[in-house]
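Following: one structure in structure tokens, then a few remarks.
The values are calculated or read from the model by the stated rules, or taken from the named source; none is laboratory data. Small disclaimer: the values here were computed from a predicted structure and weren't measured. Here the Cβ positions follow ideal geometry from the backbone for every residue, glycine too, while neighbour counts run over all protein chains shown.
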Amino acid sequence: MPPRLEWQRDGAVLRWRRLPPGSMAVPAPAQVWQLLYKTRDNAGRATATVGTLLVPTARWTGRGPRPLLSYQTPEDGLATFCAPSYVLRAGAVVSGPSAGQVRFDGEQVAAAVRRGWTVMVPDYEGPRSEFFGASASAHGVLDGIRAARSFYAARVDRDAPIGMWGYSGGGFATAAAAQEQADYAPELRISGIVQGGVPADLNASLRAFSGQVYSGWIPFGFAALRNAYPHVDVYRYLNASARAYADAVAHGCAGEAIVAGPHYAELEQFEAWPGSLTSGAFHRFAHDISPIGLGGTPTAPVHMYHGTADELLPIEGARQLAAQYRARGAEVVLVEHEGQDHGSEQAHGIAGAVAFLDQRFS
């Protein structure tokens, strides 16, 4: 870490490097930089993370200043090689099931660049890979926007409209940023927020993975929570077998953990005692760090999209989150796509998301 980091303002660009043309795994007509910027971890301590900034080479011909979009990939990792600053680059694509999702998001980033938008892709989990660290994610996103706006070479107009967009794990980071923005970065005037397939309720997600072929994600989730919230001592709620499974996947990406298994395991098989994960203190903790438990109100209109057949992140959580936003005075549209599962909805919701951002940016 750079010396005297605490003295730097949040979002300050500490170092930067230019990436050569063709460096992105999915080519985009842009100048590309990687910025090291000051932010705060999940406990509020000063740290630094990386953002990949893409500025279109084509002249902006739209109304007003060129927009700035912060795009949150589903980083979903407990190692820095899961971060988008690695996987969005050619020759640095992570292998395994998670790679396809990140590569797909790379195509979305390239599409946003082709629309003429400047795009910031933050490593919002930070250097300690604090997956599901709501505050770390919010800080990483919002300080990434600050860094992009202040980076002289990007020439982001101070009046440029700002958007945030993410799907799945990226939707979690986007929701956390939207809900903390008024307190953490009140100077940012956000124009539009897109949250797709958002894991609004972690308890519901743990239950959804239970008994599925994807149930290897459950111990990975426990490892993530232990990493992001060490003071909670998540492992005390797990039996010895569950702790061993979690330790085995504690230094990789979500896709590999799902492959590692165990498969078709029930959530109750991981409990230290009956109900240790499905009620009581752990259940309250998982609720409180979920978007539905975080509090805070988005300051810009929100477009949410979710598949009704999402087998991993049940749509009821998105419905509850949208209702909470509306009750707090936010403008929200939740688009439900009938019959779409988690994977298919990622592609299915793109057109509506882009149309919403286009409208907000203009």
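Remarks
- Residue within segment 181-191 that is at pLDDT 95 or above and within 16 Å of the chain's Cα centre (by Cα) present: yes
- All helices (runs of 4 or more DSSP H) inside segment 256-362 with 3 or more residues being closer than 29 Å to Ala111 by Cα: 315-327, 342-348, 350-361
- Against the conditions (1) part of a helix (DSSP H, G or I); (2) in the same structural domain as Leu14 (by TED's automatic domain parsing), Arg207 satisfies every one except (2).
- Flag: Gly255 matches the condition of being touching a Ser or Thr at 6+ places or on another chain (Cβ under 8 Å) and either outside the structural domain of Asn42 (by TED's automatic domain parsing) or among the hydroxyl-bearing types (Ser, Thr, Tyr) (or both).
- Test: residue in segment 304-322 that is out of contact with any Lys or Arg (no Cβ under 7 Å at 6 or more places or on another chain) and surrounded by fewer than 13 Cβ atoms within 10 Å (Cβ to Cβ): no
- Considering Arg40, Arg66, Arg9, the condition of being under 26 Å from Ala347 (Cα atoms) and basic (Lys, Arg) is satisfied by Arg66 alone.
- Filtered residues of segment 270-296 (kept if more than 19 Å from the chain's Cα centre (by Cα), among the polar types (S, T, N, Q) and surrounded by 15 or more Cβ atoms within 10 Å (Cβ to Cβ)): Ser276, Thr278
- Selection of segment 232-269 for residues being free of Cβ contacts under 8 Å to residues at least 24 places away in the same chain, surrounded by fewer than 16 Cβ atoms within 10 Å (Cβ to Cβ) and closer than 27 Å to Gly44 by Cβ yields only Asp233.
- Scope segment 5-26; condition at pLDDT 90 or above and under 23 Å from Val87 (Cα atoms); matching residues: Gly11, Val13, Leu14, Arg15, Trp16, Arg17, Arg18, Leu19
- Selected residue [surrounded by 20 or more Cβ atoms within 10 Å (Cβ to Cβ), among the β-branched types (Val, Ile, Thr) and either assigned to a strand (DSSP E or B) or in contact with a helix residue (DSSP H, G or I) (Cβ under 7 Å, 6 or more places away or on another chain) (or both)] from Val156, Val109: Val156
- Hey, Leu202 surrounded by fewer than 23 Cβ atoms within 10 Å (Cβ to Cβ), touching a residue at least 40 places away in the same chain (Cβ under 8 Å) and not charged (D, E, K, R) or not: no
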